[in-house]
Structure formats: C-alpha cells, structure tokens
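**Student:** Have a look at this one before I ask anything.
The values are calculated or read from the model by the stated rules, or taken from the named source; none is laboratory data. Keep in mind that this is a model prediction, so the values were computed, not measured. Heads up, the Cβs are rebuilt from the backbone with ideal geometry, glycines too, and the neighbour counts pull from every protein chain shown.
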C-alpha cells in the first residue's frame with residue numbers, strides 16, 4: 001500500500017502517512033490494484049506518476065494506455081526532439097543522442113563533404129522521435145518512479161519529475177556551444 005500524496009510505502013494499519021502526514025483512506029480500498037499504462041499500479045502510485053509527468057499527464061497516460069508497442073505520435077518531439085527531451089528532463093538520453101548524432105555521424109559526414117546527408121539524418125531522427133518519444137518517456141517515468149520509491153526523501157517526485165524550462169534553455173545553450181565548437185575547430189567543414 002502506498003500514500004496517494006507522496007508515494008511512500010504504508011503499513012496496512014496506517015491511518016496517516018509517516019512521510020507527509022496525509023490521512024490515508026481505508027486500508028481495504030487503498031490496497032486494491034488498478035491497471036494503468038505501466039501495468040498494475042498500486043493505489044497511490046497513479047497520482048505519483050501524474051506528479052512525475054507534470055504538465056500534460058492526461059495526454060501521456062492516454063497514449064501509454066494504448067495496447068502494443070506503438071504509443072502514438074508526438075508532434076512536439078517530432079519538430080523539436082532535443083528541446084522536448086530537455087524540457088521533459090530526459091537528460092541522459094538527450095546527452096547520448098547529441099553525442100551520437102553530432103560527434104559520431106554529423107562531423108565525420110562533414111569531413112567527408114557529405115553535408116547533403118545531414119537533413120536526411122535530421123528527418124530520420126525526427127520521425128523516430130515522433131513515433132517513439134512516448135515510449136522513451138514511459139521508460140523514463142518508470143525509472144524515475146523506481147528512483148522515487150526507493151527513497152522519497154532523497155528523490156522527491158517534484159524534483160526528479162515534471163518539466164523544466166531550465167532543461168530546455170540548457171539544451172539550446174548546449175547545442176549552440178556544440179555548433180560554435182564545430183565552427184571554431186573545423187571552420188572548413190561548413191563552408192567550402
């Protein structure tokens with residue numbers, strides 16, 4: 001059984017949450033399990049997932065409730081996938097994608113003077129993230145949920161979840177620095 005406010009574990013006899021002090025509903029009704037987008041969710045974890053998602057929780061829950069692997073198209077991720085990942089606090093995947101795309105694909109193509117392939121790569125990545133960003137985000141939220149439940153005091157849902165304008169701005173700054181570095185260290189790559 002989990003607290004519907006903070007997601008902390010509760011004993012069956014609890015009337016109040018030891019972590020946040022919120023009154024717990026009757027143990028019989030609180031101990032039931034519901035089926036959610038991530039599989040069975042103990043009562044109380046549904047609101048935890050909503051807090052981890054933050055804005056547009058209903059949208060993501062409706063997408064994740066779809067059967068099968070395809071969780072729907074995401075236009076924001078299609079048009080602005082790096083910025084969408086920064087805004088949704090998916091920093092690890094964002095960093096991996098930026099390093100993989102720019103250092104392992106774009107820079108070698110530019111060195112080989114195959115710059116015409118860059119728009120094709122960007123379009124391919126945009127289509128991928130349009131199709132699968134909801135799946136990537138579901139995986140991210142599941143990891144954040146496990147992190148929060150392992151130690152709610154150390155990993156508050158409001159800090160590790162939600163959205164971040166700072167993450168979006170940081171992504172913009174990171175990409176500007178990356179392109180400035182490419183121009184500074186290899187100016188001939190972009191202009192021939």
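**Student:** Give the residue that is nearest to residue 174 (Cα to Cα), with candidates limited to residues of the range 54-90 that are touching a residue at least 40 places away in the same chain (Cβ under 8 Å) and loosely packed, with under 13 Cβ neighbours inside 10 Å.
**Tutor:** Restricting to residues being touching a residue at least 40 places away in the same chain (Cβ under 8 Å) and loosely packed, with under 13 Cβ neighbours inside 10 Å, the top hit is 79.
**Student:** Turning to a different aspect of this structure: Of (1) touching a residue at least 40 places away in the same chain (Cβ under 8 Å); (2) surrounded by fewer than 17 Cβ atoms within 10 Å (Cβ to Cβ); (3) part of a helix (DSSP H, G or I); (4) under 13 Å from the mean Cα position of the chain (by Cα), residue 172 satisfies all except one. Which?
**Tutor:** (4)
**Student:** Do we have residue 59 as at pLDDT 95 or above and closer than 30 Å to residue 126 by Cα here? Lay out the reasoning, then the answer.
**Tutor:** Numbers: at pLDDT 95 or above: no; closer than 30 Å to residue 126 by Cα: yes.
So residue 59 fails the test.
**Student:** If you check 153, 76, 100, which single one turns out to be in contact with a helix residue (DSSP H, G or I) (Cβ under 7 Å, 6 or more places away or on another chain) and either closer than 30 Å to residue 47 by Cα or in a helix (DSSP H, G or I) (or both)? Break it down stepwise before answering.
**Tutor:** Values: 153 fails: in contact with a helix residue (DSSP H, G or I) (Cβ under 7 Å, 6 or more places away or on another chain); 100 fails: in contact with a helix residue (DSSP H, G or I) (Cβ under 7 Å, 6 or more places away or on another chain).
Step by step, each of 153, 76, 100 is checked, and only 76 is in contact with a helix residue (DSSP H, G or I) (Cβ under 7 Å, 6 or more places away or on another chain) and either closer than 30 Å to residue 47 by Cα or in a helix (DSSP H, G or I) (or both).
**Student:** Here's a follow-up. Does residue 95 satisfy the criteria of being within 15 Å of the chain's Cα centre (by Cα) and either under 14 Å from residue 128 (Cβ atoms) or loosely packed, with under 12 Cβ neighbours inside 10 Å (or both)? Step through it out loud before you land on a result.
**Tutor:** Details: within 15 Å of the chain's Cα centre (by Cα): yes; either under 14 Å from residue 128 (Cβ atoms) or loosely packed, with under 12 Cβ neighbours inside 10 Å (or both): no.
No, not satisfied.
**Student:** Still on this structure, I have one more. Mind checking whether some residue in the range 101-109 is at pLDDT 85 or above and exposed (fewer than 14 other Cβ atoms within 10 Å of the Cβ)?
**Tutor:** The answer is no; no qualifying residue exists.
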